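The values are calculated or read from the model by the stated rules, or taken from the named source; none is laboratory data. Values in this document were obtained by computation on a predicted structure and should not be read as measured data. Cβ coordinates were reconstructed from backbone atoms using ideal geometry, including for glycine residues, and neighbour counts include every protein chain displayed. Note: areas computed on protein heavy atoms with side chains; ligands, DNA, RNA excluded. Shrake-Rupley method; radii C 1.70, N 1.55, O 1.52, S 1.80 Å.
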Amino acid sequence: MEILLETVSLLLVGAGAFFFAVGTLGLVRLPDLFCRLHALTKADNLGLGLVIAGLLPWAADPFLALKLVLIWLLVMLSGATGSYLIAKRALRGDGEDLLE
Amino acid sequence: MSEIFTAAAVVLVLTMAAGLVRVVVGPTPADRMMGVQLIGTTGIAVLLLLGFAFEMPALADVALVFALLAAVSVTALTRRRVGQDRS
Amino acid sequence: MTAGLLLLFDLVLVTTLVGLAIAALISPDLRRAVMLFIAFGLWLALVWARLRAPDVALAEAAIGAGLGGALMLAAARRAARRASANGGIDAEGGEA
């Protein structure tokens, strides 16, 4: 039982680290702003979600597990809002200090 | 299990250091802010992994503050251009 | 095993922290310097967490990276606007 749990946790954390690495690679290598935004949101949502899913079985009490899930939901919310704002300002070109 | 978490934290810190390239060279401020956002999210993952590896659950609170303040700094950057004649 | 990993972790952390501080200090563009400062604050919070001081990390993340970053971003914007209103001759550094 324990070894199964460890294997699943290792796989989930490894997959999360892989998504973070791919997202960083995309942010550094992709050619323009919207492509980079696409790579960034994948790393944000999926990478952190997988890492937190791998950590959840090791949480000592249910409140800590609840806090971890809450952090993930908060990151998804703020990441979506921030990416939307950046893309909107970049598309309309009316950001005050975004694009010059 | 703590070794695995520490190893994952090391890998994530290396990707954070690679993502800093975009913050330093990024042509527009939007690119830099996206780099900072990615650093914040990866930092949350590193903090959680460290918290479980060191058995310090208080680091989850620090991760929560990271998540809150990423939204603040992105919103502070993406203001619309208003009041051009103010000096 | 764990000690070697932690040594590597510390090495990466310290090298990048010093590099970020130097990059933020010598940057000619004000907004670039502010964003490097925000990244520096996040990184320093990570260092405090590694040193097992979560309370200091909390304060650093909230004040140094979040509020300080947002306020300095507004200050840099205002300085650039004032410099461009003065015809770009204000000695604010950067291209204004």
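Compared with the dominant principal axis of the Cα atoms in chain A, helix A:62-92 is inclined by about 10°. Using a probe of 1.4 angstrom and keeping all protein chains present, the accessible surface of segment C:2-85 works out to 45 square angstrom per residue. Magnitude of the charge dipole for chain B, about its Cα centre and with charges confined to Cβ atoms of Lys, Arg (+1) and Asp, Glu (-1), is about 600 debye.
State whether chain C is rounded, prolate or oblate according to the following rule on the C-alpha gyration tensor (a ≥ b ≥ c being the square roots of its eigenvalues): a/c under 1.5 gives rounded; otherwise a/b larger than b/c gives prolate, and the remaining case gives oblate. The shape class here is oblate. C:Thr15 contributes about 90 Å² of solvent-accessible surface, heavy atoms of the protein only, 1.4 Å probe. Taking Lys and Arg as +1 and Asp and Glu as -1, the other residues whose beta-carbon sits under 14 Å from that of B:Ala60 total -3. Seen from A:Gly23, the other residues with C-beta closer than 15 Å to its C-beta sum to a net charge of +2, counting Lys and Arg as +1 and Asp and Glu as -1.
Counting Lys and Arg as +1 and Asp and Glu as -1, what is the net charge of the other residues whose Cβ lies under 10 Å from the Cβ of B:Val23? So the surrounding residues net to +2. Remark: the Cα gyration tensor places the protein assembly as shown in the prolate category, a/c being 1.5 or greater and a/b exceeding b/c.
Backbone N atoms of segment B:13-44 closer than 16 Å to the 7 Å Cα→Cβ label point of C:Ile26 belong to residues B:24-25. In this assembly, the B-A interface accounts for approximately 4000 Å² of buried accessible surface in total, computed with a 1.4 Å probe and without ligands, DNA or RNA. Roughly what angle does helix B:59-77 make with the longest principal axis of chain B, taking Cα atoms, 0 to 90 degrees, to the nearest 10? So the helix axis and the longest Cα principal axis differ by about 10 degrees. When the trypsin sites (Lys or Arg not before Pro) in segment C:1-64 are filtered for DSSP coil states and for at most 14 other beta-carbon atoms within 10 Å of their beta-carbon, the remaining sites are C:Arg52. What chain A shows is 51 Å² of accessible area per residue, with the surface traced by a 1.4 Å probe over protein heavy atoms. When only the Cβ of Lys, Arg, Asp and Glu is charged (+1, +1, -1, -1), the dipole of chain A relative to its Cα centre reaches about 220 debye. Take the alpha carbon gyration tensor of chain A, find the square roots of its eigenvalues, order them as a ≥ b ≥ c, and report rounded if a/c is under 1.5; if not, report prolate when a/b exceeds b/c, else oblate. Verdict is oblate for chain A. Magnitude of the charge dipole for the protein assembly as shown, about its Cα centre and with charges confined to Cβ atoms of Lys, Arg (+1) and Asp, Glu (-1), is about 920 debye.
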